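Asks: Quick one: the structure is below, questions incoming.
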Amino acid sequence: MSEYLVDIQNERLSFFTPAGEVKSLNDVSLTVREGEVLGIVGESGSGKSVTAYSLMGLTAHPGRLIGGDLYFNGHHINVMTEREMRKMRGNEVSIIFQDPMTSLNPVYTVGNQIMEAILLHTDKNKKQAHERAKELLQLVGINEPEKRLKQYPHELSGGMRQRVMIAIALACEPKLLIADEPTTALDVTIQAQILELMTELKKKLGMAIILITHDLGVVAGMCDRIAVMYAGKVVETGTTDDIFYHPSHEYTKGLLQSVPNLNDQEHKKLVPIEGQPVDMLNPPAGCPFAPRCHSCMKICLKAMPEYTDLGNDHHSACWLLDKAKFEKEVQA
Ligand code: SF4
(Lines give C-alpha, C1' and ligand atoms only; values in the text may rest on other atoms or scores of the structure.)
Protein backbone atom coordinates (compact mmCIF):
# COMPACT_ATOMS: atom_id res chain seq x y z
CA MET A 1 0.00 0.00 0.00
CA SER A 2 1.20 3.49 -0.84
CA GLU A 3 2.60 5.65 1.96
CA TYR A 4 0.73 8.61 0.43
CA LEU A 5 -2.93 9.55 0.67
CA VAL A 6 -2.87 10.27 -3.07
CA ASP A 7 -0.38 8.54 -5.30
CA ILE A 8 -0.73 9.05 -9.05
CA GLN A 9 1.86 7.15 -11.04
CA ASN A 10 2.52 7.83 -14.72
CA GLU A 11 -1.09 8.66 -15.54
CA ARG A 12 -1.98 8.90 -19.22
CA LEU A 13 -5.46 10.02 -20.15
CA SER A 14 -6.81 10.91 -23.59
CA PHE A 15 -10.03 12.30 -25.02
CA PHE A 16 -11.02 10.47 -28.19
CA THR A 17 -12.75 13.20 -30.18
CA PRO A 18 -13.94 13.15 -33.81
CA ALA A 19 -10.91 15.35 -34.63
CA GLY A 20 -8.49 12.84 -33.11
CA GLU A 21 -6.89 11.82 -29.82
CA VAL A 22 -6.34 14.70 -27.40
CA LYS A 23 -3.55 13.57 -25.09
CA SER A 24 -4.75 15.43 -22.04
CA LEU A 25 -2.44 13.82 -19.49
CA ASN A 26 0.92 12.51 -20.55
CA ASP A 27 2.76 10.58 -17.85
CA VAL A 28 1.57 12.57 -14.84
CA SER A 29 2.90 11.56 -11.42
CA LEU A 30 1.81 13.31 -8.23
CA THR A 31 1.62 12.55 -4.53
CA VAL A 32 -0.22 14.13 -1.61
CA ARG A 33 0.45 13.23 2.01
CA GLU A 34 -2.22 13.15 4.72
CA GLY A 35 -3.04 16.69 5.83
CA GLU A 36 -0.93 18.27 3.09
CA VAL A 37 -2.04 21.06 0.76
CA LEU A 38 -0.90 20.57 -2.82
CA GLY A 39 -1.42 23.38 -5.31
CA ILE A 40 -1.71 22.39 -8.96
CA VAL A 41 -0.90 25.42 -11.10
CA GLY A 42 -1.04 25.89 -14.84
CA GLU A 43 -2.92 27.58 -17.64
CA SER A 44 -6.28 26.42 -19.03
CA GLY A 45 -6.00 23.05 -20.73
CA SER A 46 -2.81 22.06 -18.89
CA GLY A 47 -4.59 19.08 -17.31
CA LYS A 48 -4.98 20.32 -13.71
CA SER A 49 -8.68 19.57 -13.35
CA VAL A 50 -8.57 16.42 -15.50
CA THR A 51 -5.95 14.98 -13.14
CA ALA A 52 -7.99 15.72 -10.02
CA TYR A 53 -11.31 14.58 -11.49
CA SER A 54 -9.82 11.29 -12.70
CA LEU A 55 -8.90 10.59 -9.09
CA MET A 56 -12.61 10.73 -8.26
CA GLY A 57 -13.54 8.64 -11.30
CA LEU A 58 -15.18 11.69 -12.87
CA THR A 59 -13.51 11.72 -16.27
CA ALA A 60 -16.00 13.15 -18.75
CA HIS A 61 -16.88 11.32 -21.97
CA PRO A 62 -15.02 10.79 -24.36
CA GLY A 63 -12.05 10.75 -21.97
CA ARG A 64 -10.38 7.49 -21.02
CA LEU A 65 -7.57 6.49 -18.71
CA ILE A 66 -5.09 4.70 -20.94
CA GLY A 67 -2.14 4.18 -18.64
CA GLY A 68 -0.70 4.53 -15.17
CA ASP A 69 -1.99 3.78 -11.69
CA LEU A 70 -4.03 5.94 -9.34
CA TYR A 71 -4.20 5.26 -5.62
CA PHE A 72 -6.26 7.14 -3.05
CA ASN A 73 -6.61 6.33 0.64
CA GLY A 74 -5.77 2.67 0.06
CA HIS A 75 -8.03 2.32 -3.01
CA HIS A 76 -6.65 1.36 -6.41
CA ILE A 77 -8.86 3.67 -8.48
CA ASN A 78 -8.19 1.85 -11.79
CA VAL A 79 -10.01 -1.30 -10.68
CA MET A 80 -12.92 0.20 -8.71
CA THR A 81 -16.51 -0.27 -9.84
CA GLU A 82 -18.83 2.73 -10.28
CA ARG A 83 -20.68 1.68 -7.11
CA GLU A 84 -17.48 1.63 -5.07
CA MET A 85 -16.52 4.99 -6.56
CA ARG A 86 -19.85 6.52 -5.55
CA LYS A 87 -19.32 5.33 -1.99
CA MET A 88 -15.84 6.79 -1.95
CA ARG A 89 -16.96 10.14 -3.38
CA GLY A 90 -18.54 12.20 -0.69
CA ASN A 91 -17.34 9.83 2.05
CA GLU A 92 -13.60 10.14 1.63
CA VAL A 93 -13.13 12.84 -0.99
CA SER A 94 -15.17 15.95 -1.75
CA ILE A 95 -14.93 18.67 -4.33
CA ILE A 96 -15.81 22.35 -4.53
CA PHE A 97 -16.10 24.11 -7.87
CA GLN A 98 -15.43 27.56 -9.21
CA ASP A 99 -18.96 28.92 -9.37
CA PRO A 100 -21.13 28.05 -6.37
CA MET A 101 -24.24 29.40 -8.11
CA THR A 102 -24.09 26.67 -10.74
CA SER A 103 -23.22 23.97 -8.18
CA LEU A 104 -26.08 24.75 -5.79
CA ASN A 105 -29.62 23.85 -6.76
CA PRO A 106 -31.60 27.13 -7.02
CA VAL A 107 -34.96 25.55 -6.12
CA TYR A 108 -33.90 23.98 -2.81
CA THR A 109 -33.04 25.82 0.38
CA VAL A 110 -29.49 25.82 1.65
CA GLY A 111 -30.66 23.65 4.57
CA ASN A 112 -32.14 21.02 2.23
CA GLN A 113 -28.92 20.80 0.29
CA ILE A 114 -26.60 20.49 3.27
CA MET A 115 -28.91 17.99 4.97
CA GLU A 116 -29.14 15.90 1.81
CA ALA A 117 -25.35 15.46 1.85
CA ILE A 118 -25.38 14.55 5.55
CA LEU A 119 -28.25 12.05 5.20
CA LEU A 120 -26.60 10.46 2.16
CA HIS A 121 -23.17 9.99 3.66
CA THR A 122 -23.77 9.46 7.38
CA ASP A 123 -26.22 7.42 9.47
CA LYS A 124 -27.75 10.51 11.10
CA ASN A 125 -31.53 10.95 11.20
CA LYS A 126 -33.29 14.12 9.98
CA LYS A 127 -33.17 15.92 13.33
CA GLN A 128 -29.49 15.13 13.82
CA ALA A 129 -28.77 16.16 10.22
CA HIS A 130 -30.46 19.52 10.86
CA GLU A 131 -28.27 20.11 13.92
CA ARG A 132 -25.16 19.03 12.00
CA ALA A 133 -26.08 21.40 9.13
CA LYS A 134 -26.21 24.27 11.63
CA GLU A 135 -22.83 23.25 13.05
CA LEU A 136 -21.33 23.11 9.57
CA LEU A 137 -22.59 26.60 8.71
CA GLN A 138 -21.00 27.90 11.91
CA LEU A 139 -17.80 26.04 11.08
CA VAL A 140 -17.55 27.85 7.75
CA GLY A 141 -18.16 31.21 9.41
CA ILE A 142 -21.83 31.82 8.59
CA ASN A 143 -23.76 33.63 11.32
CA GLU A 144 -27.44 33.07 12.11
CA PRO A 145 -27.31 29.49 10.78
CA GLU A 146 -30.97 28.76 11.58
CA LYS A 147 -32.05 31.65 9.36
CA ARG A 148 -29.58 30.79 6.57
CA LEU A 149 -30.75 27.17 6.43
CA LYS A 150 -34.17 28.41 5.30
CA GLN A 151 -32.78 30.65 2.55
CA TYR A 152 -32.33 29.89 -1.15
CA PRO A 153 -28.93 30.25 -2.90
CA HIS A 154 -29.97 33.46 -4.71
CA GLU A 155 -30.58 35.13 -1.34
CA LEU A 156 -26.90 34.75 -0.37
CA SER A 157 -23.81 36.65 -1.55
CA GLY A 158 -21.19 34.92 -3.75
CA GLY A 159 -18.80 34.48 -0.83
CA MET A 160 -21.52 33.04 1.37
CA ARG A 161 -22.59 30.61 -1.36
CA GLN A 162 -19.01 29.36 -1.62
CA ARG A 163 -19.00 28.89 2.18
CA VAL A 164 -22.18 26.82 1.83
CA MET A 165 -20.45 24.70 -0.85
CA ILE A 166 -17.55 24.14 1.53
CA ALA A 167 -20.02 23.17 4.29
CA ILE A 168 -21.59 20.57 1.95
CA ALA A 169 -18.14 19.26 1.00
CA LEU A 170 -17.27 18.86 4.68
CA ALA A 171 -20.51 17.06 5.56
CA CYS A 172 -18.79 13.68 5.43
CA GLU A 173 -15.48 14.82 6.99
CA PRO A 174 -13.45 13.89 3.91
CA LYS A 175 -9.78 12.94 3.99
CA LEU A 176 -9.23 14.97 0.84
CA LEU A 177 -10.89 18.13 -0.40
CA ILE A 178 -10.39 19.03 -4.06
CA ALA A 179 -10.91 22.75 -4.63
CA ASP A 180 -11.14 23.59 -8.33
CA GLU A 181 -10.50 27.32 -8.79
CA PRO A 182 -12.58 27.97 -5.64
CA THR A 183 -12.02 31.72 -5.64
CA THR A 184 -11.92 32.61 -9.34
CA ALA A 185 -15.55 33.76 -9.48
CA LEU A 186 -15.23 35.91 -6.33
CA ASP A 187 -14.12 39.48 -5.59
CA VAL A 188 -10.54 39.84 -4.39
CA THR A 189 -11.44 40.57 -0.75
CA ILE A 190 -13.85 37.63 -0.63
CA GLN A 191 -11.17 35.46 -2.28
CA ALA A 192 -8.84 36.17 0.63
CA GLN A 193 -11.57 35.30 3.16
CA ILE A 194 -12.33 31.97 1.46
CA LEU A 195 -8.63 31.04 1.31
CA GLU A 196 -8.25 31.96 4.97
CA LEU A 197 -11.29 29.83 5.82
CA MET A 198 -9.87 26.84 3.93
CA THR A 199 -6.53 27.20 5.73
CA GLU A 200 -8.32 27.33 9.11
CA LEU A 201 -10.48 24.31 8.29
CA LYS A 202 -7.45 22.34 7.17
CA LYS A 203 -5.80 23.03 10.53
CA LYS A 204 -8.95 22.17 12.48
CA LEU A 205 -9.96 19.05 10.56
CA GLY A 206 -6.56 17.81 9.36
CA MET A 207 -7.75 16.99 5.84
CA ALA A 208 -5.53 17.16 2.77
CA ILE A 209 -6.39 19.65 0.04
CA ILE A 210 -5.66 19.72 -3.68
CA LEU A 211 -6.02 23.33 -4.76
CA ILE A 212 -6.35 23.74 -8.52
CA THR A 213 -5.70 27.22 -9.83
CA HIS A 214 -4.21 29.25 -12.65
CA ASP A 215 -3.30 31.94 -10.11
CA LEU A 216 0.10 31.71 -8.41
CA GLY A 217 -1.01 34.32 -5.86
CA VAL A 218 -3.68 31.92 -4.59
CA VAL A 219 -1.26 29.06 -3.89
CA ALA A 220 1.47 31.22 -2.34
CA GLY A 221 -0.04 31.62 1.11
CA MET A 222 -1.84 28.34 1.41
CA CYS A 223 0.05 25.40 -0.11
CA ASP A 224 2.77 23.18 1.32
CA ARG A 225 3.81 21.96 -2.11
CA ILE A 226 3.14 23.00 -5.68
CA ALA A 227 2.98 21.04 -8.93
CA VAL A 228 3.33 23.15 -12.07
CA MET A 229 1.57 21.63 -15.08
CA TYR A 230 2.02 22.45 -18.73
CA ALA A 231 0.34 20.69 -21.67
CA GLY A 232 -0.61 17.56 -19.75
CA LYS A 233 2.75 17.21 -17.99
CA VAL A 234 3.94 18.03 -14.50
CA VAL A 235 7.00 20.08 -15.40
CA GLU A 236 8.10 20.98 -11.86
CA THR A 237 7.15 20.04 -8.29
CA GLY A 238 8.55 21.31 -5.04
CA THR A 239 7.79 23.05 -1.79
CA THR A 240 6.09 26.41 -2.13
CA ASP A 241 9.34 28.13 -1.12
CA ASP A 242 11.37 26.23 -3.73
CA ILE A 243 8.89 27.01 -6.51
CA PHE A 244 8.76 30.72 -5.63
CA TYR A 245 12.40 31.31 -4.67
CA HIS A 246 14.29 28.64 -6.66
CA PRO A 247 12.20 27.91 -9.76
CA SER A 248 14.13 25.71 -12.15
CA HIS A 249 11.82 25.08 -15.11
CA GLU A 250 11.62 27.79 -17.77
CA TYR A 251 7.80 27.71 -17.69
CA THR A 252 7.70 28.20 -13.90
CA LYS A 253 10.14 31.11 -14.26
CA GLY A 254 7.91 32.59 -16.97
CA LEU A 255 4.82 32.25 -14.77
CA LEU A 256 6.56 34.03 -11.88
CA GLN A 257 7.75 36.86 -14.12
CA SER A 258 4.23 37.40 -15.39
CA VAL A 259 2.67 38.14 -11.99
CA PRO A 260 3.32 41.20 -9.78
CA ASN A 261 5.46 40.71 -6.67
CA LEU A 262 5.16 43.05 -3.70
CA ASN A 263 8.86 42.55 -2.86
CA ASP A 264 10.06 43.68 -6.29
CA GLN A 265 11.69 47.07 -6.79
CA GLU A 266 9.30 49.66 -8.09
CA HIS A 267 8.35 49.76 -11.78
CA LYS A 268 9.56 46.24 -12.53
CA LYS A 269 7.93 45.28 -15.80
CA LEU A 270 5.78 42.17 -15.96
CA VAL A 271 6.86 39.81 -18.74
CA PRO A 272 4.09 37.82 -20.43
CA ILE A 273 4.78 34.32 -21.74
CA GLU A 274 4.64 34.80 -25.47
CA GLY A 275 3.20 32.33 -27.96
CA GLN A 276 0.20 30.05 -27.93
CA PRO A 277 -0.61 27.04 -25.76
CA VAL A 278 0.19 23.67 -27.29
CA ASP A 279 -2.24 22.08 -29.77
CA MET A 280 -3.02 18.94 -27.78
CA LEU A 281 -4.08 17.11 -30.94
CA ASN A 282 -0.52 17.49 -32.22
CA PRO A 283 1.75 17.92 -29.20
CA PRO A 284 5.46 18.45 -29.87
CA ALA A 285 7.72 15.40 -29.72
CA GLY A 286 10.05 16.90 -27.12
CA CYS A 287 9.49 19.38 -24.32
CA PRO A 288 5.95 20.77 -24.69
CA PHE A 289 7.15 24.24 -23.70
CA ALA A 290 9.80 24.30 -26.46
CA PRO A 291 7.82 26.47 -28.95
CA ARG A 292 7.55 29.25 -26.32
CA CYS A 293 10.84 28.83 -24.51
CA HIS A 294 13.61 31.44 -24.96
CA SER A 295 16.24 28.90 -23.88
CA CYS A 296 15.08 26.15 -26.24
CA MET A 297 17.90 23.95 -27.58
CA LYS A 298 17.92 21.39 -30.40
CA ILE A 299 17.42 18.48 -28.06
CA CYS A 300 14.32 20.13 -26.52
CA LEU A 301 12.51 19.73 -29.85
CA LYS A 302 13.32 16.04 -30.10
CA ALA A 303 13.04 14.45 -26.68
CA MET A 304 11.25 15.01 -23.41
CA PRO A 305 13.72 15.54 -20.55
CA GLU A 306 13.69 13.24 -17.51
CA TYR A 307 13.05 14.71 -14.08
CA THR A 308 16.11 16.05 -12.30
CA ASP A 309 16.11 15.57 -8.54
CA LEU A 310 17.08 18.91 -7.03
CA GLY A 311 16.82 17.68 -3.43
CA ASN A 312 14.17 18.42 -0.79
CA ASP A 313 11.45 16.77 -2.92
CA HIS A 314 12.06 19.31 -5.70
CA HIS A 315 11.91 17.84 -9.23
CA SER A 316 12.00 19.51 -12.60
CA ALA A 317 11.95 18.28 -16.21
CA CYS A 318 14.18 20.62 -18.23
CA TRP A 319 17.18 19.86 -20.46
CA LEU A 320 19.00 22.90 -19.07
CA LEU A 321 19.36 21.09 -15.75
CA ASP A 322 20.92 18.09 -17.50
CA LYS A 323 23.22 20.45 -19.38
CA ALA A 324 24.29 22.14 -16.14
CA LYS A 325 24.90 18.73 -14.54
CA PHE A 326 26.91 17.55 -17.57
CA GLU A 327 29.07 20.71 -17.58
CA LYS A 328 29.73 20.33 -13.86
CA GLU A 329 30.80 16.70 -14.37
CA VAL A 330 33.13 17.66 -17.27
CA GLN A 331 34.77 20.38 -15.17
CA ALA A 332 35.24 18.06 -12.17
S1 SF4 B 1 13.56 21.52 -21.81
FE2 SF4 B 1 14.27 23.05 -23.27
S3 SF4 B 1 12.41 23.94 -24.11
FE4 SF4 B 1 11.82 22.84 -22.28
S5 SF4 B 1 11.86 24.38 -20.70
FE6 SF4 B 1 13.86 23.40 -20.67
S7 SF4 B 1 15.13 24.66 -22.02
FE8 SF4 B 1 13.00 25.22 -22.42
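Asks: Of all residues being of a type outside the set (A, V, I, L, M) and assigned to a loop (DSSP other than H, G, I, E, B) in segment 15-38, which is surrounded by the fewest Cβ atoms within 10 Å (Cβ to Cβ)? Just the residue, please.
Replies: Among them, the one singled out is PRO18.
Asks: Applying the selection to segment 91-111, what residues are open to solvent by less than 20 Å² (accessible area, probe 1.4 Å) and over 23 Å from GLY158 (Cα atoms)?
Replies: Scanning segment 91-111 gives a single hit, VAL93.
Asks: If you go through segment 54-87, how many residues are assigned to a helix (DSSP H, G or I) and either free of Cβ contacts under 8 Å to residues at least 12 places away in the same chain or surrounded by 19 or more Cβ atoms within 10 Å (Cβ to Cβ) (or both)?
Replies: 8
Asks: Considering only segment 285-317, state which residues are free of Cβ contacts under 8 Å to residues at least 24 places away in the same chain, more than 8 Å from the ligand (Cβ to nearest atom), more than 23 Å from VAL22 (Cα to Cα) and outside any loop (DSSP other than H, G, I, E, B).
Replies: LYS298, ASP309
Asks: Restricting to segment 255-284, give me the number of residues that are touching a Lys or Arg at 6+ places or on another chain (Cβ under 8 Å) and within 12 Å of the ligand (Cβ to nearest atom).
Replies: So the answer is 2.
Asks: Then there is this: Considering segment 116-134 alone, what residues qualify as being assigned to a helix (DSSP H, G or I) and under 27 Å from the mean Cα position of the chain (by Cα)?
Replies: GLU116, ALA117, ILE118, LEU120, HIS121, ALA133
Asks: Among the residues of segment 138-160, how many are part of a helix (DSSP H, G or I) and closer than 16 Å to SER94 by Cβ?
Replies: 1
Asks: Still on this structure, I have one more. Has segment 229-249 got any residue that is without any contact (Cβ under 8 Å) to a residue 12 or more places away in the chain, more than 15 Å from the chain's Cα centre (by Cα) and open to solvent by less than 40 Å² (accessible area, probe 1.4 Å)?
Replies: Yes: one or more hits.
Asks: What's the number of the only condition in (1) more than 27 Å from TYR251 (Cα to Cα); (2) touching a residue at least 12 places away in the same chain (Cβ under 8 Å) that GLY39 fails to meet?
Replies: Among (1) more than 27 Å from TYR251 (Cα to Cα); (2) touching a residue at least 12 places away in the same chain (Cβ under 8 Å), GLY39 violates only (1).
The values are calculated or read from the model by the stated rules, or taken from the named source; none is laboratory data. Bear in mind that the values here come from a model prediction, so they are computed numbers and not experimental data. All Cβ positions, glycine included, derive from the backbone under ideal geometry; neighbour counts span all protein chains shown. Each accessible area value is taken on the protein alone, full model and side chains, heavy atoms only, with ligands, DNA and RNA left out. Shrake-Rupley method; radii C 1.70, N 1.55, O 1.52, S 1.80 Å.
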